[in-house]
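Structure, as structure tokens:
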Amino acid sequence: MTFRWNKHPLLSLFSSHIIAYPTPINLNYMWSFGSAAGICLVIQIITGIFLAMYYTLHIDYAFLSIEFIMRNVNNGWIIRYLHANGASIFFIIVYCHILRGLYFGSYIQPRGPLWMSGVLLLILMMANAFIGYVLPLGLMSFWLMFIGVNLTFFPMHFLGLAGMPRQIPDYPDAYYSYNLISSYGSLISLIATIFFIRYFYYFNN
């Protein structure tokens, strides 16, 4: 009996998205921003995991742990710069991706739910970037946190973070936790979007 690998549930998913994916003939480089954003996301996750191995979650040692990564850890400065500059490149690529979608009308039905899922991912991404910038606990981190909390007083009050500028010892613990929550939320939203589009949306329309 001949095994048809493209009939297998998992292998057929690989085949339909990588090998035999139907695409229009007029595609150009502007359609590569989504894949580039995915590559940046993988780089951020990998470098973030390595940085978390040496990061110290304490008000007195958080900044010193960053200095330790930069000066004492083998190739630690490369990992940190990849993570920091990769975040900026990530945002540039995502904004190009959004502009491409606006120009070509990717928000028009029947792709409305796909566009809204992207908006959700963008909000989670901005929240994750804000919280991640606070974690080194330098002066810029402190003032960014102070301004951000005051600009978003009501939401932060709802989350229990409104009084944080007057509770400095609680900074690292709370913001590190919300960084992880927003990171996991981004991944779960991305996976849920893929499954929604793959198994529910296109099959029912």
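Return the pair list, or none, for Cβ contacts closer than 8 Å from residues in the range 18-39 that are at negative phi to residues that are among the basic types (Lys, Arg), at least 6 apart or on different chains.
From residues that are at negative phi, the pairs are 30/100; 31/100; 33/100.
Can you tell me which residue among 91, 142 is within 12 Å of the chain's Cα centre (by Cα) and within 30 Å of residue 64 (Cα to Cα)?
On the way: 142 fails: within 12 Å of the chain's Cα centre (by Cα).
Criteria check complete, one pass: 91.
Per-residue answers, yes or no, for (1) under 23 Å from residue 143 (Cα atoms); (2) within 21 Å of the chain's Cα centre (by Cα); (3) among the polar types (S, T, N, Q):
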residue: 41; (1), (2), (3): no, yes, no
residue: 55; (1), (2), (3): yes, yes, no
residue: 110; (1), (2), (3): no, no, no
residue: 114; (1), (2), (3): no, yes, no
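Here are the criteria: (1) modelled with pLDDT under 90; (2) open to solvent by less than 100 Å² (accessible area, probe 1.4 Å). Tell me which single one residue 82 does not satisfy.
Of everything listed in (1) modelled with pLDDT under 90; (2) open to solvent by less than 100 Å² (accessible area, probe 1.4 Å), residue 82 misses just condition (1).
Within the range 26-33, identify whether any single residue is under 17 Å from residue 121 (Cα atoms) and part of a helix (DSSP H, G or I), and answer yes or no.
Step one: list which residues in the range 26-33 are under 17 Å from residue 121 (Cα atoms), which gives 33.
Those left that are additionally part of a helix (DSSP H, G or I): 33.
Yes, the range 26-33 has at least one match.
Could you please find all residues in the range 93-122 being of a type outside the set (Phe, Trp, Tyr) and loosely packed, with under 14 Cβ neighbours inside 10 Å? Even if it seems obvious, please write down each step before you answer.
At the first step, the residues of the range 93-122 found to be of a type outside the set (Phe, Trp, Tyr) are 93-94, 96-102, 105-106, 108-114, 116-122.
Of everything in the range 93-122, those that are of a type outside the set (Phe, Trp, Tyr) and loosely packed, with under 14 Cβ neighbours inside 10 Å turn out to be 99, 102, 105, 108, 109, 110, 112, 116, 119.
The values are calculated or read from the model by the stated rules, or taken from the named source; none is laboratory data. Keep in mind it's a predicted model, so treat the numbers as computed, not measured. Backbone-built Cβ (ideal geometry, glycine too); neighbour counts: all protein chains shown. Only protein heavy atoms, including side chains, enter the accessible area calculation; ligands, DNA and RNA are left aside. Shrake-Rupley method; radii C 1.70, N 1.55, O 1.52, S 1.80 Å.
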